[in-house]
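Let me begin by presenting the structure, written as structure tokens, before commenting on it.
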Amino acid sequence: MRHYTKDNKEYASVTSLLKNIFPFNKEAFEKWCRREGYDPKEVKVLSTSIGSKVSSWINNKTRGVLYLDPPTVGATEEGLYRGVQDFTDTYKVLESEVTVFCDEYLYAGTFDGIVLYQDKEYLMDWKTYGAWRGVYKRDPKKIKEVSYQLSMYRYALGRELPLAVVVFKPDGTYEVEELTYTEDWISKLFKE
């Protein structure tokens, strides 16, 4: 399990804790890859690379250091880059990559951003679900997991911000979905 450390205390990472509620079924994933003709290792590498680039593009634009942007490779990444540029022109990213600590439950995590849109701030996460193969199909389980993740960040942050997820798509578009704040994770992770 991944941990953060602050003031000589260890904090479990939000993403590691969420694996207890939303475990990854490696066997089912590998079976699906074989059926569809994909190499599981390649899918993981591509997904991680694309997600990292999207985060870098947003972080660099937020900090005004576009010269550090990783280059796009191919049409998929060019589409994602256009989507990121459109998103960041429409939504103002106020903060990105902020680490929060919850002393009450000893967890920590780094959220993607706080975003301003039409005079309203949102705690937001960015995703690239399915971008590695050029397809996005909304998955309620993944959306619920993001809702829990953002709820944990909001709880640690101590600000009553609305939650949202943005999913960038290879065609240069994106979808923003508002999420519901929940404290269900407390009873599922920290049996009181």
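Placing unit charges on the Cβ atoms of the charged side chains and taking the dipole of the chain about its Cα centre, the candidate lying farthest along the positive direction among 93, 181, 158 is 181. Which of these, 19, 137, 92, has the largest mean-square fluctuation under a Gaussian network model of the chain (Cα springs below 10 Å)? So, out of 19, 137, 92, the one fluctuating most is 137.
Normalising the average separation of contacting C-alpha pairs (under 8 angstrom, six or more residues apart) by the number of residues puts the relative contact order of the chain at 22 percent.
For the chain, the C-alpha radius of gyration divided by 2.2 N^0.38 Å, with N the number of residues, is 1.05.
Mean-square fluctuation check for the chain, GNM, Cα pairs under 10 Å: which of 139, 171, 125 is largest? Checking each option, the largest mean-square fluctuation is seen for 139.
For the pair residue 106 and residue 118 in one chain, pulling the backbone fully straight at 0.36 nm per residue adds 0.9 nm over the alpha carbon distance. A simple count of charges around residue 30, restricted to other residues whose Cβ falls under 15 Å of its Cβ and scoring Lys, Arg +1 and Asp, Glu -1, yields +2.
Just checking the listed ones, 36, 160, 175: in the Gaussian network model of the chain with Cα springs under 10 Å, the one fluctuating most is 36. Dipole magnitude for segment 1-98: about 320 debye, using +1 per Lys or Arg Cβ and -1 per Asp or Glu Cβ, origin at the Cα centre.
Which of the three applies to segment 1-109, rounded, prolate or oblate, going by the alpha-carbon gyration tensor with a ≥ b ≥ c and a/c under 1.5 meaning rounded? Oblate is the answer for segment 1-109, as a/c is 1.5 or above yet b/c matches or exceeds a/b.
A simple spin-label model places pseudo-atoms 7 Å from Cα toward Cβ; at residue 95 and residue 22 they are separated by 2.2 nm. Label zone (residue 159, point 7 Å along Cα-to-C-beta; backbone nitrogen cut-off 17 Å) within segment 115-151: 115-126, 150-151. The number of Lys pairs in segment 112-155 with C-alpha atoms less than 17 Å apart, excluding pairs fewer than 8 positions apart on the same chain, is 4.
Read-outs throughout are calculated quantities, based only on the coordinates presented, and are distinct from any laboratory measurement. What you see is a predicted model, and the numbers here were worked out from it, not measured in a lab. Cβ atoms come from the backbone with ideal geometry, glycine included; neighbour counts cover every protein chain shown.
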